[in-house]
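Working notes, beginning with the structure itself.
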Amino acid sequence: MGADHRPEIGFGQIRHARLRLAANHFGYAAWFLRLPLRSLATRPAPLSWLKFNRRGVLSVNDADHGDGQPLLAWLDALLLGQGVTDADGEVWLHTFPRLLGFVFNPVSFWFAHRADGTLRAAVCEVNNTFGERHFYLLAHEDGAPLRWGEELVARKVFHVSPFNAVAGHYRFRFMLSEPTARPDQPKRFVGRIDYDDEAGPVLQTSVSGVLVPLTNKTLVRALFRYPLFAFAVIARIHWQAVRLWLKRVPLFSKPVPPAINVTR
């Protein structure tokens, strides 16, 4: 496994700001995994605290992503089906693992590279609390590589929150800072998803963190620092919904999910 293709764990924050109808801001400490799937397929990491498709304190399961197929097979098929035929380099999955068999991932990010290391496409895998899943594929139609930090736009077609209509669009930005110029600076990841409707910005959200090697030691660190994190994710979603309801933010009924589960 190359030096750049080792699994990583991020320690940072999740932030959320609602700007209109009722202001609502919150942030909390978080951790996440960044897994190089092609490298792990040929050389599994020796992690006793993290299991793949097996029971464990922490685990990553195929059933929690895509359509339940093996992770790489599913993503390769999705990209080929959308005409992305040259994402044959590393694939990084940014996600939360299961804790004692439970997980809820509001969003997971997939980053598919070409063999030359350039970023060809990103997939935002969105889950709602109704057990539904949708995928936003971000890739340039002309095949140009994505640049870290550039803004990417997708039309909103999938119901996530009853406090927002299925209308408008998302603006995505992903930043990955490598400590090349300043070796004393840590490697960092930032993923931003902002939501705008026809009247302008509504939500600003982000997940960010310092990236360090994923080892048994850093997994134990995450467990001790955030012992109930997987359960807290869903609890915080419902608590924030209560806060918005108390602030009398209008509710939107849940529409039928889109017939096509990939949006470009």
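Data overview
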read-out	value
Total residues in region 24-51, condition in a strand (DSSP E or B) and either aliphatic (A, V, I, L, M) or under 18 Å from the mean Cα position of the chain (by Cα) (or both)	11
Filter result for ARG18 (among the basic types (Lys, Arg), exposed (fewer than 13 other Cβ atoms within 10 Å of the Cβ) and out of contact with any Lys or Arg (no Cβ under 8 Å at 6 or more places or on another chain))	no
Test: residue in region 238-257 that is under 22 Å from PHE172 (Cα atoms) and either modelled with pLDDT under 95 or in a helix (DSSP H, G or I) (or both)	yes
Test result for THR218, surrounded by 13 or more Cβ atoms within 10 Å (Cβ to Cβ) and part of a helix (DSSP H, G or I)	yes
Flag for ARG43 being basic (Lys, Arg) and either within 21 Å of LYS156 (Cα to Cα) or in contact with a helix residue (DSSP H, G or I) (Cβ under 8 Å, 6 or more places away or on another chain) (or both)	no
The listed residue being in contact with an Asp or Glu (Cβ under 7 Å, 6 or more places away or on another chain), without any contact (Cβ under 8 Å) to a residue 40 or more places away in the chain and assigned to a strand (DSSP E or B), out of ARG173, ARG192	ARG173
Top-ranked residue of region 195-210 - restricted to ones that are among the acidic types (Asp, Glu) and in a strand (DSSP E or B), ranked as farthest from ALA30 (Cα to Cα)	ASP197
Pair list, Cβ under 8 Å, 6 or more apart: region 76-102 residue without any contact (Cβ under 8 Å) to a residue 40 or more places away in the chain and under 18 Å from CYS124 (Cβ atoms), other residue charged (D, E, K, R) and assigned to a helix (DSSP H, G or I)	ALA87/ASP76
Subset of region 103-133 (residues that are hydroxyl-bearing (Ser, Thr, Tyr), at pLDDT 95 or above and either farther than 14 Å from ILE193 by Cβ or out of contact with any strand residue (DSSP E or B) (no Cβ under 6 Å at 6 or more places or on another chain) (or both))	THR118
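The values are calculated or read from the model by the stated rules, or taken from the named source; none is laboratory data. It should be emphasised that the depicted structure is a prediction, and the values quoted were computed from it without experimental measurement. Don't worry about glycine lacking a Cβ; one is built from the backbone with ideal geometry, like all the others, and counts go over all protein chains shown.
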